[in-house]
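Visitor: Below is one structure. I have some questions about it.
What follows draws every value from the coordinates through simple rules; no lab data is involved. Treat the numbers as computed from the prediction; the structure is a model and nothing was measured. When we count neighbours, we look across all protein chains shown, and the Cβ atoms used for this are built from the backbone with ideal geometry, even at glycine.
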Ligand SMILES: Nc1ncnc2c1ncn2[C@@H]1O[C@H](COP(=O)(O)OP(=O)(O)OP(=O)(O)O)[C@@H](O)[C@H]1O
Ligand SMILES: [Mg+2]
């Protein structure tokens, strides 16, 4: 392991120790350390840091702080232990939320909350609860309000899963974000904390700021009192619904983080198109650009002509791609060429920005692009005659494959029939705010389900009966 040089810059002094910037090779990293002293407090802090290290070593997600490793420092008089993690120079979310001079558009707030919900959803799927979710424990990764970008990571897992430590006077999480049942609660305590954070993001105030004593807050919350939502702007009424569900007195009534994510997506879709995001006139090409598009260009900017897969995966994660491994199919050997990435992402660009006949926006995300291109029967950039060659050599009657279509953004299914080949266009539409894939008489939310429909019903297209039987999986180098 390379040497770690601790710099003097302290970025945070919390209940559990100190966080400093350090140099690790050429990189800036953040280290969180405690001294393993003998007194009770120090010992509890040590246990908590060890716990955090164990929790973080299980986690890998674009919205969870990235841990590089763990080390012990024998050079100081008392032994110290530290977690080495990625350094996020933009700092924690509290500085953004309570800065009255900083305008946060509803869209930006939604992006912020989506990335919290995505990290939390992953955390709960790993059977881990946070138990100390609050703005100081959320770090800002990317922030560009003009482009509607606010991407965060969750940090400080010192209290995660530690029910005994949680009750300790020394390091109990702050009461402002604590659910009424915090001491006995389960996963839903995190949903409560989320409600308070979302309330703070909508009002740009600190919750319970008028209460002087923690006991006063605890008492009120136990009796069902909650911060006031009446002053929140009507544009945010969808967000108020989420707040109110998530701080329900009965934890069973709260939304799960998956539901929160879905509800936030609905709020996002419900906002007027081109709300004054960047201050640019409507219809200007630049104001019509969606954040994803900008993100894709930025990813390109960070790639070399040929980038190692591990580096590319990290870039994708930095840009909030939830399923980076699905892009692995772009690899040749262990490398991804910029040319190939650009070709694929440009191909899907119309979907990310185009409008349907109902004038709603199709909003493919990187994850959705990944879902399509990682389908095993997706053969990418094949011409019609190459597709026929593949099906002739590797398929039988009823086999099909999916490929780029001659019309950018669409896809073509090429099917081998008993005596002929057919090409069927797959296009897209929006139904109830959701993207659906349309092929012939069928519509479905995923290409997999669309194929299931085809296989079940053998549709008639252009007067001919098609029989979809088995997918012809990728076997050629594209
Ligand atoms: N990786 C990081 N990059 C940048 N800043 C960080 C990083 N990790 C932590 N910080 C800063 O240090 C502060 C304290 O970190 P953290 O919350 O992990 O420690 P803590 O001692 O448990 O704090 P507390 O008990 O007050 O919650 C954070 O609020 C944040 O401002
Ligand atoms: Mg903290």
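Visitor: How large is the Rg to Rh ratio of segment 384-471 when both quantities use alpha carbon positions and Rh follows Kirkwood?
Guide: Expressed as Rg/Rh, it is 0.96.
Visitor: Given a cut-off of under 8 Å on Cα pairs at least six residues apart, what relative contact order in percent is computed for segment 94-278?
Guide: Value for segment 94-278: 26 percent.
Visitor: Another question, then. Go from 0 up to the bin containing the longest alpha carbon distance in segment 94-278, width 5 Å each, and give me the % of pairs per bin.
Guide: 1, 8, 17, 22, 22, 16, 9, 4, 1, 0
Visitor: Something else: Sorted by average packing, counted as other Cβ atoms within 10 angstrom per residue and highest first, what order do 123-129, 318-324 take? Could you put the intermediate results ahead of the total?
Guide: On the way: 123-129: 16.7, 318-324: 20.4.
Final packing ranking: 318-324, 123-129.
Visitor: Take each of the peptides 237-247, 307-317, average the number of other beta-carbon atoms within 10 Å over its residues, and list them starting from the highest.
Guide: 237-247, 307-317
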